[in-house]
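Reviewing the structure listed below.
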Amino acid sequence: MPAVSTVLVVGAGLAGAATAIRLAEAGVAVDLVEIRPEVAALGSGITLQGNALRELRTLGVWEQASAAGYAFDVTGIRAPDPAGSVVAEIPDARTGGPDLPAVMGMSRPELARILTDRAAEVGVKVRLGTTHTELRQDGAGVDVAFADGSTGRYDLVVGADGLRSWTRRALGIELETRPIGMGIWRAFGPRPASVTRTDLYYGGPSFIAGYCPTGEDSLYAYIVEPAQDRSTLTPEEQLATMRRLAEAYHGPWDDVRETLTDPSRVNYTWFETHVLPAPWNRGRVVLIGDAAHTCPPTIAQGGAQALEDAYALTDLLLTRPVLDQDLWDAFTARRFDRARTVVEASNQLAQWQLDHVRGDIPGLMRSVAQLVSQPA
Ligand SMILES: Cc1cc2nc3c(=O)[nH]c(=O)nc-3n(C[C@H](O)[C@H](O)[C@H](O)COP(=O)(O)OP(=O)(O)OC[C@H]3O[C@@H](n4cnc5c(N)ncnc54)[C@H](O)[C@@H]3O)c2cc1C
């Protein structure tokens, strides 16, 4: 018997969808509430490292995900020179095991659709366009009121509602995320034939310019700059700004730049970071994924860490007989140091660039790869 019979999961991102799927598959009654009216709306791409792919396989969605995504095993480093010269070709570690690719790019909406379809298939009750308005817990459960006027009582509430978690606030946890001083332009568009893997261009007028294929016909491209207030730009001005910054980058970037024509596919956001000190639960409410820890995507591990949280939490809930302090201690032991290490490494990589310091990037990447190669 699992430690819980009824669970409310808040947020249908990677952490929430994965938690809901694993629990429902094992017979737990799961409600999944998502504040957005639809999960697969317009969005950008995501780079999934091997350890994220391993989690997708445990969720039973590897076949669909790999059919939709674009896998590769080498990352190129290119110079911001007129030829976009290749400086290095670095084999990516197969952190999910030898039978999975090292890296796969995917469209975020497509990944969200695959996960929510799987959730519905295994019996999760997915409720879109709503959220909780009140959580009141006692020793035996959590009473929840929802924005649509309904109520429920659950053995456990999982707050997987992202960086600005409403559940975290409902628990009275004061936590400010910290902007790290970088902003990123991202665009989703068609994949030119010249783009067959991620290439990173370090230097030039921006910190990094790169791209990642997300399918046979799609990619996302990005340019990281010092954080600035870009909120007053119209979509057309945003597109023009990204195109102008991209002019410094060549090789396949020349082809990518030509595809940057749709203002609705360009987006700008700041990098932020935080780690919630352990424990991540307050009684019968627990925070996972970005609600508990967030890193700048310098190693592309945020999504993987969210999936790992879901795996470790559900593994404990399904193999322990009761939801007690031992279970929470075991969750902290499995997740806290690992997630914090990844956040700190991601912050360090960003800081070296901000300070224009030549740090030991390969050494740091290797140590993170070794860490996340171990199952969560
Ligand atoms: C610019 C950028 C690029 C990134 N690139 C990568 C990458 O390439 N690879 C990678 O692994 N990671 C990347 N990350 C990190 C990654 O996106 C996150 O770590 C990951 O999405 C976290 O998953 P999550 O499920 O915890 O949160 P989220 O993905 O944020 O999902 C939270 C969900 O909760 C919903 N929600 C919010 N509030 C409520 C509420 N009150 N009630 C109900 N639902 C609610 C949201 O709508 C959302 O669906 C990137 C992050 C940024 C900012």
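The values are calculated or read from the model by the stated rules, or taken from the named source; none is laboratory data. Keep in mind that this is a model prediction, so the values were computed, not measured. Quick reminder, even Gly has a Cβ in these numbers, built from the backbone with ideal geometry, and neighbours come from all protein chains shown. Heavy atoms of the whole protein, side chains included, go into the accessibility calculation; ligands, DNA and RNA do not. Shrake-Rupley method; radii C 1.70, N 1.55, O 1.52, S 1.80 Å.
Numbers for the structure displayed
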read-out	value
Scan of segment 30-88 for residues that are within 12 Å of the ligand (Cβ to nearest atom), under 23 Å from Val368 (Cα atoms) and not charged (D, E, K, R), ordered by number	Gly45, Ile46, Thr47, Leu48, Gln49, Gly50, Asn51, Ala52, Leu53, Leu56
Subset of segment 313-328 (residues that are hydroxyl-bearing (Ser, Thr, Tyr) and in contact with a helix residue (DSSP H, G or I) (Cβ under 8 Å, 6 or more places away or on another chain))	Thr314
Criterion violated by Leu323 - all others in (1) within 24 Å of Ala52 (Cβ to Cβ); (2) in contact with an Asp or Glu (Cβ under 7 Å, 6 or more places away or on another chain) satisfied	(1)
Count of residues meeting criterion [more than 9 Å from the ligand (Cβ to nearest atom), open to solvent by less than 40 Å² (accessible area, probe 1.4 Å) and in a loop (DSSP other than H, G, I, E, B)] in segment 269-304	3
Matching option when the condition is over 22 Å from Thr198 (Cβ atoms) and touching a residue at least 60 places away in the same chain (Cβ under 8 Å), among Glu63, Glu34, Glu55	Glu34
Flag for Thr341 being more than 14 Å from the ligand (Cβ to nearest atom), of a type in the set (S, T, N, Q), in contact with a helix residue (DSSP H, G or I) (Cβ under 9 Å, 6 or more places away or on another chain) and more than 30 Å from Ala240 (Cβ to Cβ)	yes
Of the criteria (1) under 30 Å from Arg169 (Cβ atoms); (2) free of Cβ contacts under 8 Å to residues at least 60 places away in the same chain; (3) part of a strand (DSSP E or B), which one Glu89 fails	(1)
Residues of segment 158-178 satisfying the condition of being over 17 Å from Phe331 (Cβ atoms) and more than 11 Å from the ligand (Cβ to nearest atom)	Gly172, Glu174, Leu175, Glu176, Arg178
When residues of segment 1-58 are limited to those that are acidic (Asp, Glu) and in contact with a Phe, Trp or Tyr (Cβ under 8 Å, 6 or more places away or on another chain), the one surrounded by the fewest Cβ atoms within 10 Å (Cβ to Cβ)	Asp31
Any hit, segment 227-245, residues being within 30 Å of Gly172 (Cα to Cα) and in contact with a strand residue (DSSP E or B) (Cβ under 6 Å, 6 or more places away or on another chain)	yes
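Quick grid of which residues meet (1) in contact with a strand residue (DSSP E or B) (Cβ under 7 Å, 6 or more places away or on another chain); (2) at pLDDT 95 or above; (3) more than 20 Å from Asn267 (Cβ to Cβ); (4) surrounded by 17 or more Cβ atoms within 10 Å (Cβ to Cβ):
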site	(1), (2), (3), (4)
Ala160	yes, yes, yes, yes
Arg168	yes, yes, yes, yes
Glu176	no, no, yes, no
Arg191	yes, yes, no, yes
Thr196	yes, yes, yes, no
Tyr201	yes, yes, no, yes
